[in-house]
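Visitor: To start, I am sharing the structure in question, which I have written as structure tokens.
The values are calculated or read from the model by the stated rules, or taken from the named source; none is laboratory data. Just so you know, these numbers come straight off a predicted model, no measurement behind them. As a convention, Cβ positions derive from the backbone with ideal geometry for all residues, glycine included, and neighbour counts pool all protein chains shown. In case anyone asks, the SASA skips ligands and DNA or RNA and just uses the protein heavy atoms, side chains included. Shrake-Rupley method; radii C 1.70, N 1.55, O 1.52, S 1.80 Å.
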Amino acid sequence: MDFKLIEDKWQRIWAENKNLYKADDKSDKPKVYVLNEFPYPSGSGLHVGHAFSFTGGDIYARFMRMRGNNVLYPMGWDAFGLPTENYAIKMKRKPQEVTKENTDNFRNQMKKLAFSFDWEREINTTDPQYYKWTQWIFIKLFEAGLAYKKEMPINWCPSCKIGLANEEVVDGKCERCGSEVSRRNISQWVVKITKYADRLIDGLKDTSFIDKVKQAQINWIGKSEGAKIRFQISDVRSQIKELEVFTTRPDTLSGATFMVVAPEHELINGIIDNYELRITNEEREKIQEYVKQARKKSEMERTELNKEKTGVFSGLYAINPINNKEIPIWISDFVLVSYGTGAIMSVPAHDERDKEFAQKFNLPIINVYDDEKKVNVAEEVKKAIELIINKGIGEGASSYHLRDWIFSRQHYWGEPIPMINCPKCGWVTEKEENLPIVLPEVEAYEPTDDGLSPLSRIESFVNCTCPKCGGVAKRETDTMPNWAGSDWYFMRYCDPHNNKELASFDTLKKWLPVNVYIGGDEHNTLHLLYSRFIHQFLYDLKVVPTPEPYAVRMSHGVILGPDNNRMSKSKGNVIVPETVADKYGVDVVRMYMMFMGPFEGTMAWNENTLMGVKRFLDRFEKYIINQINNKSASNDDCNLVINKLIFGLTKDINEFGYNTAIAKLMGGLNDLEKIKIDKNSIEVLLKLLAPFAPYITEELWSQTGNNNSIHSTSWPVAQEKYLIDEVVKLPVAINGKVRDQLTVTSEQLRVKENVVAMAKELENVKKWLVGKTIIKEIYVEGKMINLVVKG
């Protein structure tokens, strides 16, 4: 059969059947919410990573529908952001036009690849009716005291005239143009995500995330327990009188032989501008030059563990409060003003980084413990905190790697921040009835020389009336970060056309939490964290019904190029899924991507393996057509193979084991080609293949005489009597000694309570339990049972 004709035919028919993949808000069926991370719609279209992730989500959604669930599987566009703005500037076009072209292209490609999205729920972060609620969330953050304005250091590109994220700075240069980057202080909106730090850790207990994902979140939050300690500066002429540090090892305070402050610390300006201090002009110039060079580096460069330690002496000393010894204060760029207090106490005998610094600059190293391995550190820390509190030099405290979220961007293509600056009232929110504050369409949106947002040049946008006092005021011209629209999009899918609220509480109660959220490892920290934070905040406002947004986070794998390298245009190893589909057919591409390896694995593209999948589908098609014409009767040989396939595929697809499911289908076809099968078995085979290869199965389904869509049919259920070869013998031990064997089916293996109960009923086991008390039941699935008894 001509796959192109089949694909065109069924795309038209599916488009006409509006209810085929539609989620029903009023259905009584069990709900399953399957979510793929929505993409940024680039001009280059869907890449193979998109196709891989979405195919995995689509198979699971189709499978769950066929199993009788009410499935919500939506799609939309994360369309704001710098890449679109840069491209639009380069092409001298409006971002709005570019975004529409790109989303139209993506949508068409997705439909061609047969992704079963509910397109009636499509959303776009650049739609004013969507970002109206993004703005509303910001207003609520401000009203709750969780959003504030603060002078913050940013990476600044003088050529592009724009602030850069740390990730956009490479070797001290702008990733976009190659110009040398500096650091500049700018007034930014900041969101207090740190207020939720403990809840973001504790909330993970309410999820079924795998350990890798949970640990990524915990590590990023980076909670540390310890103490804050105050060090007095010995020179009375210093404008700053004391330095406060946080340390996880207050027990090593007596070994602190120097201190280090960040180049941006307020102490430094006090040194440079205070000519009463006893430092020479040469020392002052060294400090100024060091600070200048430090500002050119990104935070990632500065905190790289393997980088050479640099620093300069400040000329000031502090008093170690535990022994009253004078210790020097150094300046080094590995300390960040945005983390902790921007100052640290250095104990080189018990910290490798401090030791390297001390050795380079010939600073003293004093051992607090002769052999730290013999010390109960936790106990010593506890004693040290009590001592610090009693001496009045500090207190117990927690510190976090997590920092408050910089929420301002000096770009055009983003959501306007709904705030107004009034000379009389200060910062006030826009009235909610005025939302959305629409991003004005303008001809010129290039960055400005002063680093302000391009919106600052639009007087009709900037000049406004204060909603509080009615006086003349100015509207905020910064826009929101990329994350703003993607933090809550999964909620809007539940109720995308609601004009009165973000989403109806009852509808959210119907669908949340998301059952499975599929995305990349690169989003397991920031995006997932920001999204969980916004959800927890809205939960506190009683806007959403669940404390956590996602039940399961599924990390999809990575497809490398044929050369085993990451795909990139510069390497010439990019695989375009649409191009491959045009050559071999969509079903071949979908099945090949799922057959390459585990869904969460890393795999290299291999054309030979792809051809193997194509040959399988060709054989499958030929076999089914022949069997339709043969009109055979049912037989036991056929039933054994078919039911084994049903059992195996049900288990594999439910666990995202797509590669093993396809392998079972291939093996099953090998067995079936030797025998004839009846019409019912033909239909079962088609149903089993349908989630993977929606086009060919729909076509063959119609050729068997069915008028409905195969994708609206029920998933087959295996008959137990044909699974007799799927049995396992488990050794049953009492206190580690085998006393009998239990024979169970593969299905029974999965339920510990049932297996253990069956084991206890074995005659040889029952006699060993007489007069005994079972204190522990150990079950290693598929391997053994051990009952630990006493008495």
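Visitor: Between the helical axis of 694-703 and the dominant principal axis of the chain, each derived from Cα atoms, what acute angle in degrees is found, rounded to the nearest 10?
Guide: Helix 694-703 sits roughly 20 degrees off the main axis of the chain.
Visitor: By how many nm would the segment from residue 501 to residue 148 grow when fully extended, if each residue of separation counts as 0.36 nm and the alpha-carbon distance is taken off?
Guide: 124.6 nm
Visitor: Using modelled amide H (1.01 Å from N, peptide plane; none on Pro or chain starts), what sits under 5 Å from the amide H of residue 604, excluding residues fewer than 5 places away?
Guide: Residues meeting the amide H criterion: 560.
Visitor: Still on this structure, I have one more. Quick one: what are the phi-derived ³J(HN,Hα) couplings along region 411-428, Karplus 6.51/-1.76/1.60 with θ = phi - 60°, whole Hz, x for glycine and proline?
Guide: Once θ is set to phi - 60°, the couplings for region 411-428 become 10, 8, 7, x, 6, x, 7, x, 10, 10, 9, 10, x, 8, 9, x, 7, 10 Hz.
Visitor: At 1.4 Å probe size, with the rest of the protein present, what percent of the exposed accessible area of the chain is carbon and sulfur atoms?
Guide: Here it works out to 48 percent.
Visitor: I would also like to ask the following. Between beta-carbons, use under 9 Å as the cut-off and find the net charge around residue 543, counting Lys and Arg +1, Asp and Glu -1.
Guide: 0
Visitor: Okay, next question. Of the options 227, 188, 10, report the single residue whose Cα projects farthest towards the positive end of the charge dipole of the chain (beta-carbon charges: Lys, Arg +1; Asp, Glu -1).
Guide: 10
Visitor: Pairs on different chains or at least eight residues apart, Cα atoms closer than 26 Å: how many lysine pairs in region 452-565 fit?
Guide: Lysine pairs, 8 or more places apart or on different chains, close enough: 6.
Visitor: While we're here: For the chain, find the longest principal axis of its Cα atoms and tell me its angle to the long axis of helix 48-66, 0 to 90°, nearest 10.
Guide: That helix lies at roughly 50 degrees to the long axis.
Visitor: Please identify every one of the GluC sites (Glu not before Pro) in region 242-327 that sits in a loop by DSSP and has no more than 10 other beta carbons within 10 Å of its own beta carbon.
Guide: Those satisfying the criteria are 276, 308.
Visitor: Enumerate the lysines that residue 767 could reach by cross-link, defined here as Cα to Cα under 21 Å, with residues fewer than 8 away along the same chain left out.
Guide: 729, 737, 776, 790
Visitor: With unit charges on the beta carbon (Lys/Arg positive, Asp/Glu negative), name the residue among 72, 626, 483 whose Cα is farthest towards the positive pole of the charge dipole of the chain.
Guide: The listed residue farthest towards the positive side: 626.
Visitor: Nearest 20 debye, what's the magnitude of the dipole of region 372-526 about its Cα centre given +1 on Lys and Arg Cβ and -1 on Asp and Glu Cβ?
Guide: Here the size comes out at about 620 debye.
Visitor: What is the helix-to-structure angle for 211-221, meaning the angle in degrees between its Cα long axis and the longest Cα principal axis of the chain, kept from 0 to 90 and rounded to the nearest 10?
Guide: 20
Visitor: Using unit Cβ charges (K, R positive; D, E negative) and no other charged atoms, how large, in debye to the nearest 20, is the dipole of region 214-273 about its Cα centre?
Guide: 280
Visitor: So, one more: If amide H atoms are built 1.01 Å from N in the plane of the peptide, which residues on other chains or at least 5 residues away come under 5 Å of the amide H of residue 427?
Guide: Close amide H contacts, sequence-distant or interchain: 422.
Visitor: Using only the Cα atoms of region 477-528, build the gyration tensor, take square roots of its eigenvalues as a ≥ b ≥ c, and label the shape rounded, prolate or oblate: rounded if a/c is under 1.5, else prolate if a/b is larger than b/c, else oblate.
Guide: In terms of gyration-tensor shape, oblate.
Visitor: Right, next: Using only helices, what value at 222 nm comes out for the chain when you add -39,500 (n - 2.57) per DSSP H run of length 4 or more and divide by the total residues, to the nearest 500 deg cm²/dmol?
Guide: Helix contribution divided over all residues of the chain: -11500 deg cm²/dmol.
Visitor: How big is the Kirkwood radius of the chain, worked out from every pair of different alpha carbons and given in Å to one decimal?
Guide: One decimal place: 30.9 Å for the Kirkwood radius.
Visitor: A follow-up question, please. Roughly how far apart, in whole Å, are the Cα centres of region 18-92 and region 138-189?
Guide: That distance is 31 Å.
Visitor: Here's something else I'd like to know. Rounded, prolate or oblate: pick one for region 607-662, where a ≥ b ≥ c are the square roots of the eigenvalues of its C-alpha gyration tensor, a/c under 1.5 means rounded, and failing that, prolate if a/b is larger than b/c, else oblate.
Guide: Note, shape of region 607-662 comes out oblate.
Visitor: At what distance in nm do the modelled label points of residue 431 and residue 365 sit from each other, each positioned 7 Å from its Cα along Cα→Cβ?
Guide: The two pseudo-label positions are separated by 6.9 nm.
Visitor: Under a point-charge model restricted to the Cβ atoms of Lys and Arg (+1) and Asp and Glu (-1), what is the dipole moment magnitude of the chain relative to its Cα centre, in debye to the nearest 20?
Guide: 1280
Visitor: How many Å² of accessible area per residue for region 33-90, probe 1.4 Å?
Guide: Value returned for region 33-90: 21 Å² of accessible area per residue.
Visitor: Where a ≥ b ≥ c are the square roots of the eigenvalues of the C-alpha gyration tensor, would you call region 147-280 rounded, which needs a/c under 1.5, or, failing that, prolate if a/b is larger than b/c, or oblate?
Guide: Oblate.
Visitor: Report, by chain and number, residues whose modeled amide H sits under 5 Å from the one on residue 337, excluding near sequence neighbours (fewer than 5 apart, same chain).
Guide: 264
Visitor: Need one number: % antiparallel among DSSP beta bridges in the chain, to the nearest 5.
Guide: Just about 75 percent of them are antiparallel.
Visitor: Follow-up. Given a 1.4 Å probe and the protein chains all in place, what does the accessible area of residue 768 round to, in Å² to the nearest 10?
Guide: 100
Visitor: In the chain, if the dipole is taken from +1 on Lys/Arg beta carbons and -1 on Asp/Glu beta carbons about the Cα centre, which of 408, 157, 719 is farthest to the positive end?
Guide: Comparing the listed Cα positions along the dipole, 719 ranks first.
Visitor: Considering only DSSP states other than H, G, I, E and B, which trypsin sites (Lys or Arg not before Pro) in region 645-706 qualify as loop sites with at most 11 other Cβ atoms within 10 Å?
Guide: 674
Visitor: What is the sum of charges, Lys and Arg at +1 and Asp and Glu at -1, for the other residues whose Cβ falls under 10 Å from the Cβ of residue 692?
Guide: Local net charge: 0.
Visitor: Using θ = phi - 60° and the Karplus form 6.51 cos²θ - 1.76 cosθ + 1.60, what ³J(HN,Hα) does each residue of region 351-361 get, whole Hz, x for Gly and Pro?
Guide: 8, 5, 5, 5, 5, 4, 5, 4, 5, 5, 10
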